[in-house]
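The values are calculated or read from the model by the stated rules, or taken from the named source; none is laboratory data. Since we're looking at a predicted model, the values are computed, not measured. A quick note on method: Cβ atoms are made from the backbone with ideal geometry, for glycine too, and the neighbour counts reach across all protein chains shown.
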Amino acid sequence: MDIEKSREILRILRVFNPWWEAGKIENVEPFKRLDFYAIKKRLDDTEIVTLVGARQVGKTTMMEQIVEHLLAVEGPKKIFFIRADNAGLNAVSKSPIEDSLQVYQEYVLKEEISSIKYRIFVLIDEVQKVENWTQSVKSWYDINKKIKFIISGSSSAKIIMDSTKPFVGRAINQILVPFKFVEAARYDKFAAGKEHQYINSIKKTLKDSLVEVLKKKDISEADIAGLYSKFQDAYKQLALEESYFRALLTNYIIKGGYPRIVKEPDFKKCIESLTTNYRDVINSDIKQTHSIRKPQLMEAILVYLARNTSWMLSMETIARDLEENSAIIKEYIGFLRDTFIISVSENFRHGKSKLVKKKIKKFYINDAGLRNVINNSFVESVVQDGNELGKLVETIVFNHCLRLKFNLTSKARPDMFYWRENGDEIDIILDCMEHVLPIEVKYRNRIDKPDVKAIRKFVENGRAPFGFVVTVDKLEKDGKLIYVPLWLFLLMV
C-alpha cells in the first residue's frame, strides 16, 4: 500500500478511535441493557461475536459501550474500531477491513498482528456494507486467535447466514431487538435515578425457575406448584408498584421498545422516527440485498400485516386482498422476515414433523410501536379499542416468547408455533427442552371456563405438562394452568 493511501486511512481511523490519544471515549449512553452483560461475558472467548438486528435497536450504542468497558481494563491501542459504512473510508479503499487492519498493525501497534502475544479487540460496525467481509475477517482471524472480533450488521438475517459458513464453530450470534418490557422498566427507573437492579433479580428468578422445570424429564404437580409460588413471591415483592408497572405497560403497548422511542416523550417525533425507520429498511436495506421490482407493494404488504398482526392468514388470502401474485407476496414477506420487521408462526402438529409448512400462518410485527405507526394507530386511544388491544397484547407476548426461545435454544431465528385443531386454538406454542409449553393470551377483565377450554384440553390430554394463561390481573393456579398478569409475565421473559 502506498504511503499516501496509508496516511489517509490512518487519518480516518484516528477519527474512529479517539481513545488512541485521549485514552477515553466520550458521550456513551450510560444505560446498559441486559444484552451488554451477555456480550461482556464473551469478551475473553476466542469466538467472533456478531451483533445483528433491525435498524435503530442500539447496535452502535452497544459497540461504544463495549469500547468504554474495554478501555477500563485494556490499553487504548489494543482497541480498534472500524465504521464499515463510512463514505470516506470506502472512497479511499476497495478493501476497507483488510487495508484498515494493515494500517493499524503498521502505524498503531507497530508490530505484526501474526506475532502478538496479547489480546486485541477489533470492532467493525455495519460490516455488511463491505463486499466479501467474511473472507477478510476469516483471514485475519486465522492469522492469530488473539484477535477478538466483534462485528455488527443492520437489518438483515443475511449477515447471520453469511457468517455461519466460513465461521462454523467460531462465531456466536447475539440478536439485538427493541427493548423488551423488562428493559423498558429498567430504563424508566434508571432515567429517574431510582434503583432498578431488583428488577433484574426478579426476572432472573422467574426465568431460571421456568427453565429448571422445563429441563426435567418428568414434570410433577409439585414442580408446577413450585413455579407458581415463584410468581406469587415476585408479585408480593412488586405489589406496591403494580400500578406503576401497569401504567408503564400501557405506554409500552402504544410506543413499543425501540430505544430512541422509549426515551422520546413527544409522540410526533416518535412517529417520524419509526416511519423513517421502516421506510429505510425497505428502500435501503432490502434493496441492497435483494432485487425489489415493486417497493410500493413491499410497503403495502407491511401495512396489511400490521393491520392483521396476530391473525391467521394464507399467502393466497394476502395475494387476493392485495390483488397480486402469491409468489411475489411470499418472496417479499421473506425479505421482511430477514430484516427483523416481522415474524411468522406455523401451526404446530404434535407427534409429527414440526417443520411441515402449513398454508395458514400467523404473522406478527416485531414491535408494537412500529406496528402502531404503520397502522396509523400510534395514539393513546389505541388501548381503549378492544380489538386493537387484543392484537397488540398477543403481538407483544409472541415477541417476548420468541426472544425467550432464542435464549433457550441459541437459534438465530427459532421456529415459532400456534395450535389449531377441530376449532380449538392456542395462541403460542413453545417447544423447547423436550417439552411443549402452551401460552394463551386472555387480556380481559373476566375469563370464563370456555375461554380456556382449548389450552385446558391440550394439557389434560397429555400434550403439555402445564400451560400459561396471560391475563390482565389474575394470578392463580388452576390445576395445571398458571394464570399470570401480563406485566408480571413480561418481566420474566
Problem - Residues being closer than 18 Å to residue 149 by Cβ and not charged (D, E, K, R) - total across region 40-64 - result: 11
Problem - So residue 440, is it of a type outside the set (A, V, I, L, M), assigned by TED's automatic domain parsing to the domain that holds residue 213 and more than 17 Å from residue 404 (Cβ to Cβ) - result: no
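Given 129, 41, 59, which one is without any contact (Cβ under 8 Å) to a residue 24 or more places away in the chain, closer than 30 Å to residue 263 by Cβ and under 24 Å from the mean Cα position of the chain (by Cα)? Before the answer, list the steps.
Values: 129 fails: without any contact (Cβ under 8 Å) to a residue 24 or more places away in the chain; 59 fails: without any contact (Cβ under 8 Å) to a residue 24 or more places away in the chain.
41 is the lone residue from the list that is without any contact (Cβ under 8 Å) to a residue 24 or more places away in the chain, closer than 30 Å to residue 263 by Cβ and under 24 Å from the mean Cα position of the chain (by Cα).
Residue-by-condition table, conditions (1) farther than 20 Å from residue 312 by Cβ; (2) surrounded by 22 or more Cβ atoms within 10 Å (Cβ to Cβ); (3) under 30 Å from the mean Cα position of the chain (by Cα):
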position	(1), (2), (3)
426	no, yes, yes
429	no, yes, yes
438	no, yes, yes
443	no, no, yes
446	yes, no, no
464	yes, yes, yes
468	yes, yes, yes
Problem - Residue among 356, 344 that is touching a Lys or Arg at 6+ places or on another chain (Cβ under 9 Å) and at pLDDT 95 or above - result: 344
Handout entry: Some residue of region 353-366 being in contact with a helix residue (DSSP H, G or I) (Cβ under 6 Å, 6 or more places away or on another chain), touching a residue at least 60 places away in the same chain (Cβ under 8 Å) and not in a loop (DSSP other than H, G, I, E, B)
Key = yes
Handout entry: Any chance residue 56 is assigned by TED's automatic domain parsing to the domain that holds residue 169 and either among the aliphatic types (A, V, I, L, M) or out of contact with any helix residue (DSSP H, G or I) (no Cβ under 7 Å at 6 or more places or on another chain) (or both)
Key = no
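Take residue 431 and decide whether it is touching a helix residue (DSSP H, G or I) at 6+ places or on another chain (Cβ under 6 Å), touching a residue at least 24 places away in the same chain (Cβ under 8 Å) and not in a loop (DSSP other than H, G, I, E, B).
Values: touching a helix residue (DSSP H, G or I) at 6+ places or on another chain (Cβ under 6 Å): no; touching a residue at least 24 places away in the same chain (Cβ under 8 Å): yes; not in a loop (DSSP other than H, G, I, E, B): yes.
The answer is no for residue 431.
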Practice task
Specify which of the listed residues (114, 100) is modelled with pLDDT under 95 and among the polar types (S, T, N, Q).
Solution key: 114
Problem - Lone qualifier among 378, 348, 340, 363 - being crowded, with 22+ Cβ neighbours inside 10 Å and on the phi > 0 side of the Ramachandran plot - result: 340
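Yes/no per residue for (1) modelled with pLDDT of 95 or more; (2) surrounded by 20 or more Cβ atoms within 10 Å (Cβ to Cβ):
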position: 432; (1), (2): no, no
position: 435; (1), (2): no, no
position: 453; (1), (2): yes, no
position: 493; (1), (2): no, yes
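Scan region 140-153 residue by residue and report those that are of a type outside the set (D, E, K, R) and in a helix (DSSP H, G or I). Show your work before the answer.
The initial filter retains those residues of region 140-153 that are of a type outside the set (D, E, K, R), namely 140-141, 143-144, 147, 149-153.
The answer is 140, 141, 143.
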Practice task
Would you tally the residues in region 37-55 being crowded, with 18+ Cβ neighbours inside 10 Å and either in contact with a Pro (Cβ under 7 Å, 6 or more places away or on another chain) or not in a loop (DSSP other than H, G, I, E, B) (or both)?
Solution key: 7
Completion exercise
Taking region 72-109 and keeping only residues that are within 27 Å of the chain's Cα centre (by Cα) and over 19 Å from residue 129 (Cβ atoms), one is left with 79
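Which residue, of 122, 108, 137, 103, is of a type in the set (A, V, I, L, M, F, W, C), part of a helix (DSSP H, G or I) and within 22 Å of residue 50 (Cβ to Cβ)?
Details: 122 fails: part of a helix (DSSP H, G or I); 108 fails: within 22 Å of residue 50 (Cβ to Cβ); 103 fails: within 22 Å of residue 50 (Cβ to Cβ).
Just one listed residue meets the conditions, 137.
Against the condition in a loop (DSSP other than H, G, I, E, B), more than 20 Å from residue 46 (Cβ to Cβ) and modelled with pLDDT under 90, how does residue 131 come out, does it pass?
Numbers: in a loop (DSSP other than H, G, I, E, B): yes; more than 20 Å from residue 46 (Cβ to Cβ): yes; modelled with pLDDT under 90: yes.
It is true that residue 131 is in a loop (DSSP other than H, G, I, E, B), more than 20 Å from residue 46 (Cβ to Cβ) and modelled with pLDDT under 90.
For (1) surrounded by fewer than 16 Cβ atoms within 10 Å (Cβ to Cβ); (2) in the same structural domain as residue 402 (by TED's automatic domain parsing); (3) charged (D, E, K, R); (4) over 28 Å from residue 438 (Cβ atoms), each residue gets a yes or a no:
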| site | (1), (2), (3), (4) |
| --- | --- |
| 206 | no, yes, no, no |
| 214 | no, yes, no, no |
| 222 | yes, yes, no, no |
| 249 | no, yes, no, no |
| 253 | no, yes, no, no |
| 269 | yes, yes, yes, yes |
| 273 | no, yes, no, yes |
Practice task
Would you be able to tell me the number of residues in region 1-25 that are assigned to a loop (DSSP other than H, G, I, E, B) and over 27 Å from the mean Cα position of the chain (by Cα)?
Solution key: 6
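Tell me, which residue of region 434-483 that is assigned to a strand (DSSP E or B) and among the hydroxyl-bearing types (Ser, Thr, Tyr) is nearest to residue 249 (Cα to Cα)?
471
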Fill in the blank from the handout: Note on region 58-95: residues of a type in the set (Lys, Arg), out of contact with any Asp or Glu (no Cβ under 8 Å at 6 or more places or on another chain) and in a helix (DSSP H, G or I) are 77, 78
Fill in the blank from the handout: Scanning region 386-425 residue by residue, those free of Cβ contacts under 8 Å to residues at least 40 places away in the same chain and assigned to a strand (DSSP E or B) turn out to be 421, 424, 425
